[in-house]
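No lab work stands behind these numbers, since they all come straight from the coordinates. Given the structure is predicted, the values throughout are model-derived calculations rather than measurements. Reconstructed Cβ throughout: ideal geometry from the backbone, glycine too, with neighbour counts over all protein chains shown.
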Amino acid sequence: MAALTELNSCWVGDEIDPATGIERTHPVSASYIRGTRLMMLVTDYGFLDIFDYVPGYPSEAVDELFASSEASNQRRFVSLERLRKMKEAAGRPKDQIDLDNLPDNE
């Protein structure tokens, strides 16, 4: 909680601010962290996703997910196959848009 507070972390709500046309943000609180399994936050340094499970792979060990990840520019990324499954499991409209735009082959 201290690190998230230091980063000025906020979660993005569903309600639109009529003055700006942008979703409203709300400061992260301890109760929000306790009650939310998938957090999509905005911070002073950019966006931050935190979750206590991986959508589509709720019982798979994290080290197995890392072992199947792809390396690029000294960073690890989820494989395209797993990304598709995660987005299907999340089921949000924005994930469907992503699925429609992902390439067919790895």
**Message:** Ratio of alpha-carbon Rg to the 2.2 N^0.38 Å globular estimate for region 2-51, to two decimals, please.
**Reply:** 1.14
**Asked** If you take the Cα atoms of region 62-101, find Rg, then find the Kirkwood Rh from the mean of 1/r over all pairs, what is Rg/Rh?
**Response** 1.04
**Item:** 5 angstrom amide H check on T25, placed H, neighbours 5+ away
**Value:** G13
**Complete:** Counting only DSSP loop positions in the chain, the trypsin sites (Lys or Arg not before Pro) whose Cβ has at most 16 other Cβ atoms within 10 Å are R37
**Message:** Given an 8 Å cut-off on Cα distances and at least 6 residues of separation, report the relative contact order of the chain as a percent.
**Reply:** 17
**Complete:** Taking R0 as 30 Å and r as the Cβ-Cβ distance between A3 and D98, the FRET efficiency 1/(1 + (r/R0)^6), rounded to the nearest 0.05, comes to 0.60
**Message:** Compute the helix-to-body angle for 80-90: its Cα long axis versus the longest principal axis of the chain, expressed 0 to 90° and rounded to tens.
**Reply:** 40
